[in-house]
Structures are given as structure tokens and as C-alpha cells.
């Protein structure tokens, strides 16, 4: 099993969600996040005092998938999140040892 | 009612008094939106507490000290009206009851110390602040109001009645007074932790806009009401207030666009307040064109002045000095240039054939009130700081003053970690929570 984590632009979340549902992904977890990569922040001015806001609002999407579908899901996700402009985000995956469905106690791929 | 009483004037002054009252909660929102989330409530209640403290002191002795018969040399009123005794229902001043005049003037006494709170945002102990308000109105505001606002046929206050300093609605008594005190207090308390390093962005510009809107609205009572009658002078003061404020918004925004490249919301709100401050002393003596000139100058000059705190390193958190002291000085001095001699007052400024005489008087009023307020406020601040302490601890300041001083927080961002219990978490809060 794999945990796919994506940090993307907040306004792409709906497209990503729809694309993943069409791909057969059953569930996901979304967290508000902030950060920056090569994208620079912006400057705000309050009574002449300039503030550099370098942490930009993002959302972090986490999905558990089986090994064999991971690459496909990542491709779909990347395509849905892409705007082509700087600051589109990152996606990565890591191996997962155990998954348990809390309600039934099922383990492994059955619990996804 | 005796001869000379006017029901129309009286009704007008009561409405104006109520309008001025709403300026203080308006100010609370104006300031409250400009601070960080963690000290929002403290900022709001620092203004609100002034309504409570000053109202009581006003009846006890404030009205008597400010507007009682002069006790000598135009410096202070006597004690004839302690507890408002001796003021009958039928006593009138001009065409309105003394009670109406007293209520109207009370609202000025309330908002003036509230204005100072912006200079010490985020770091003053609430009890120390309350004590400061009580002492400050007693030894600074009440006497200065007497100097400037008490007229008694040449036997009244020494600045206004005896020396002809014009302050129609409070440029010296309210704004220079509060601005100089704000400068003194921020020097006594010192800089906020992180001043010039940490971002201290306003947490809610919508609150700032709400507050400045309420201030603008209430200011018609402040300025037009100072005619103390529903007459042409009130009308002129009203229109002057509107156009000077409008011009100051434009002046501030123009300065900002040129200097910083953006028309900011905070700049528009700040420009409005700067214009209101500047036209306050002048609204009864200049024409609407003069008012526009005063507003434009004040808007741009105050926008420039607020950078002084970064340059000179004093942490006047919400620019009480840059807006109220500078705006008040500009408005008071420009009377010496723009007074027409036939709006509400007869003195003429330099541009209307009056020479330098009135300008000299205005400069004296500015210097005297500014210096007196600065020195006495600094002494009061030091006295409080050396006894009960004026500033909260470093831990409290970093964590946010709302929790430590008021056992509350302005916004509930998450229910995680909160639980219902009889005993509140902080021991100080326990006493305040009444089961």
C-alpha cells in the first residue's frame, strides 16, 4: 500500500476530488496547509509598513491506495491540480505498513 | 423653562451627544481591528472602560472642574457643582439646559482618554490603564477643557476665552491632548516585543472600516453639535466635516499610491480619521473650500507622519501620534491661515486679511496643550509604572493579553482542547466566572 500526499493550490481541490472519484479512489483526507517552494510570496502594505507574506495558503490531500494503482492515481491527481503556473505544488508517495478500518478491524488492502 | 430656552436646540444637542457617545465604541472597533487576534478584546475594552470610569468621575467632580465658575486665572473650575449639585432642571446655558450641555461635554471627556489607548496597544495592564484614565482626566483633561472650552465673558478659560485660541470642537483639548499623552505613554511603556521585526498586521480590516465609519458618523455630533444650537454655524460645521474628511481620504490614498504603489483600505480609513481630526478645531471658522484644503493637507501629512515611529524608534502602536497629534496640530494651525472671519467666529486668518495674529494664538494653544499633556502624562505613567506596574509580563505579551487580563478570547477557531468545567483554567479567571 502507498500513502500519496499532495500539496496543491486550494482552488484546484474540487477538480482533484472529482478526478480521483472518477478514478475509483474511495476516500481522502484534506488539511489546510501553508508553505512555499520556488513560488515567492507576496507583499502587503499597512500604513506604510511592508510585510512579506512568504507562506502561501495550500491544501494537503492524503490518499491511501494499493501499490499497483498508485502511479495511475498520481498521474490523475497531477493532471487535475495543474494550472501550469508557478506554485502548483508537489505530490509524493511513501510505502505504508499497516492500515486498519476502525469500525470493523479489517486490516491491509481490505481496509482501504 | 426660562426665557431663551429652545426646544429645537436642546433636541439637537441631545442627539449630538448620543452621536458622540457612539464614537467611543466606534473607536474601539477602529483600534480593535488594527491589533493582532490575541489582543483584540483588550483593545476593545480599553475604549469601553473609558465610558464607565469617566462618566462617574464627570458627575462626581469632572463637570465642576471643567465648567464650574473659574477658580482663578482661567486655569480650573471651582467645586460649586460637585456631584452635579446646584444644577436645576430649569438652568440653561445659551438656549439649552445645563444638563444637556453637561451630557454633550461628557462624551468628549470619554473619548479623549480612549484615543490614547492606541499608543499602548498589546502591552498595558488593564488595571493600570483604568487607573491612568481616572488620573489623566482629573489632572489633564478637565483642566484643559476648562482652558479651551469654558467661556464666561472674558473670565473663562485662559486659552479660549481670555486669549482667543480657536478650538471649535476639540483640536487641542481632545486630539493634541490625546496625541501628546499617547507619545508620553508609549515612551514610558517601551516598545512591543518584536517591534520592527515581527509582522503586526491588522487582524481585521472590516472591523477597522466599521469603526472608522462609526467615527465619521458620530463626528457630525462632535463638530456640528459644538455649535450648541441647531443653526447655520452647525450647518457649516457639518458640511465642513464632510468635505474635509473626504479630501483627507483622497490625500492619504494619493500619498500611499505614490509612495507605496497601492490604495489601501487601511489608508482610506486612516485618512478619514485624520481629516476628521484636522477639521475638528477649524470647522466653525473656515469655508468649505478651506475645509477641503485642510483635509487634503492633513491626509497627506498624516500618511507621511506615521513612518516617524519607525525612523525614530518609538512604538506608538496604532499611530495616535501620527494621526491625532499631527492631525490636531495641522488643523489648529491652519485656522491661522484659513479662518474667514464670518463663518461662526470673527477671527481672520492670514489668507483672509487677518495677518499673523491668529496664527500666533493658535501656535501658542498647540504648544501649551501639547507640552502640558506630554509632561503630565509622562509623570503619571512613570508613577503608575513604579507602583503597580504599567506593562504586562513578557510571557503574557507573547501569549496575548486577552487570555491573561480578561480570561477570554475574541474568536473561537477550534473546539479542540476546550472542555466545560466549573473551575476555569486560570486562577485569576476563577474569581470572575460567576456560576
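The values are calculated or read from the model by the stated rules, or taken from the named source; none is laboratory data. On a predicted model such as this, the values are computed, not experimentally measured, just so you know. Here the Cβ positions follow ideal geometry from the backbone for every residue, glycine too, while neighbour counts run over all protein chains shown.
Put simply, of B:318, B:359 the only residue that is within 14 Å of chain A (Cβ to nearest Cβ) and at pLDDT 95 or above is B:318.
Residue-wise test of (1) within 14 Å of chain A (Cβ to nearest Cβ); (2) crowded, with 21+ Cβ neighbours inside 10 Å; (3) modelled with pLDDT of 95 or more.
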site	(1), (2), (3)
B:183	no, yes, yes
B:194	yes, no, no
B:201	yes, no, no
B:212	yes, yes, yes
B:222	no, yes, yes
B:231	no, no, yes
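Can we say residue B:268 is more than 15 Å from the chain's Cα centre (by Cα), part of a helix (DSSP H, G or I) and within 11 Å of chain A (Cβ to nearest Cβ)? No.
On the stretch given as the range B:251-265, residues that are surrounded by fewer than 19 Cβ atoms within 10 Å (Cβ to Cβ) and more than 9 Å from chain A (Cβ to nearest Cβ) total 5. Just to verify a result, which residue in the range A:22-39, among those that are surrounded by 13 or more Cβ atoms within 10 Å (Cβ to Cβ) and part of a loop (DSSP other than H, G, I, E, B), is farthest from the chain's Cα centre (by Cα)? If we take residues in the range A:22-39 being surrounded by 13 or more Cβ atoms within 10 Å (Cβ to Cβ) and part of a loop (DSSP other than H, G, I, E, B), then A:39 is farthest from the chain's Cα centre (by Cα).
Does the range A:57-70 contain any residue that is on the phi > 0 side of the Ramachandran plot and free of Cβ contacts under 8 Å to residues at least 60 places away in the same chain? The answer is no; no qualifying residue exists.
Comparison of B:276, B:296, B:334 shows that the only residue that is more than 11 Å from chain A (Cβ to nearest Cβ) and over 23 Å from residue B:173 (Cβ atoms) is B:296.
Do we have any residue at all in the range B:2-24 that's in contact (Cβ under 8 Å) with a residue 60 or more places away in the chain, buried (at least 21 other Cβ atoms within 10 Å of the Cβ), farther than 15 Å from residue B:225 by Cα and touching a helix residue (DSSP H, G or I) at 6+ places or on another chain (Cβ under 9 Å)? Among the residues of the range B:2-24, at least one is in contact (Cβ under 8 Å) with a residue 60 or more places away in the chain, buried (at least 21 other Cβ atoms within 10 Å of the Cβ), farther than 15 Å from residue B:225 by Cα and touching a helix residue (DSSP H, G or I) at 6+ places or on another chain (Cβ under 9 Å), which makes the answer yes.
Being out of contact with any strand residue (DSSP E or B) (no Cβ under 7 Å at 6 or more places or on another chain) and part of a helix (DSSP H, G or I), is that true of even one residue in the range B:187-194? Looking through the range B:187-194, at least one residue is out of contact with any strand residue (DSSP E or B) (no Cβ under 7 Å at 6 or more places or on another chain) and part of a helix (DSSP H, G or I).
If we scan the range A:48-55, do we find a residue that is more than 14 Å from chain B (Cβ to nearest Cβ) and either more than 30 Å from residue A:98 (Cβ to Cβ) or in a strand (DSSP E or B) (or both)? Looking for residues that are more than 14 Å from chain B (Cβ to nearest Cβ) and either more than 30 Å from residue A:98 (Cβ to Cβ) or in a strand (DSSP E or B) (or both), one finds none in the range A:48-55, hence no. Within the range B:299-315, if we keep just the residues that are under 19 Å from residue B:199 (Cβ atoms) and at the interface with another protein chain (Cβ under 10 Å from one of its Cβ atoms), the residue that is farthest from the chain's Cα centre (by Cα) turns out to be B:310.
Check the range B:154-170 and report whether any residue there is assigned to a helix (DSSP H, G or I) and either at pLDDT 95 or above or surrounded by fewer than 17 Cβ atoms within 10 Å (Cβ to Cβ) (or both). Looking through the range B:154-170, none of the residues is assigned to a helix (DSSP H, G or I) and either at pLDDT 95 or above or surrounded by fewer than 17 Cβ atoms within 10 Å (Cβ to Cβ) (or both).
Condition check ((1) at pLDDT below 95; (2) surrounded by 12 or more Cβ atoms within 10 Å (Cβ to Cβ); (3) part of a loop (DSSP other than H, G, I, E, B)) across all residues:
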site: B:342; (1), (2), (3): yes, no, yes
site: B:346; (1), (2), (3): yes, yes, yes
site: B:373; (1), (2), (3): no, yes, no
site: B:384; (1), (2), (3): no, yes, no
site: B:417; (1), (2), (3): yes, no, yes
site: B:423; (1), (2), (3): yes, no, yes
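Per-residue answers, yes or no, for (1) in contact (Cβ under 8 Å) with a residue 12 or more places away in the chain; (2) out of contact with any helix residue (DSSP H, G or I) (no Cβ under 8 Å at 6 or more places or on another chain); (3) under 18 Å from residue B:167 (Cα atoms):
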residue: B:193; (1), (2), (3): yes, no, no
residue: B:200; (1), (2), (3): yes, yes, no
residue: B:223; (1), (2), (3): yes, no, yes
residue: B:234; (1), (2), (3): yes, no, yes
residue: B:239; (1), (2), (3): yes, no, yes
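Selection of the range A:84-98 for residues being surrounded by 10 or more Cβ atoms within 10 Å (Cβ to Cβ) and not in a loop (DSSP other than H, G, I, E, B) yields A:89, A:90, A:91, A:92, A:93. Return yes when residue B:239 is part of a helix (DSSP H, G or I), more than 14 Å from every other protein chain (Cβ to nearest Cβ) and at negative phi and no when it is not. Criteria met by residue B:239. Here residue B:78 passes the criteria (1) closer than 14 Å to residue B:141 by Cβ; (2) touching a strand residue (DSSP E or B) at 6+ places or on another chain (Cβ under 8 Å); (3) free of Cβ contacts under 8 Å to residues at least 60 places away in the same chain except the one numbered (1). Evaluate the following for residue A:68: is it in contact with a helix residue (DSSP H, G or I) (Cβ under 9 Å, 6 or more places away or on another chain) and surrounded by fewer than 13 Cβ atoms within 10 Å (Cβ to Cβ)? Against the criterion (in contact with a helix residue (DSSP H, G or I) (Cβ under 9 Å, 6 or more places away or on another chain) and surrounded by fewer than 13 Cβ atoms within 10 Å (Cβ to Cβ)), residue A:68 does not qualify.
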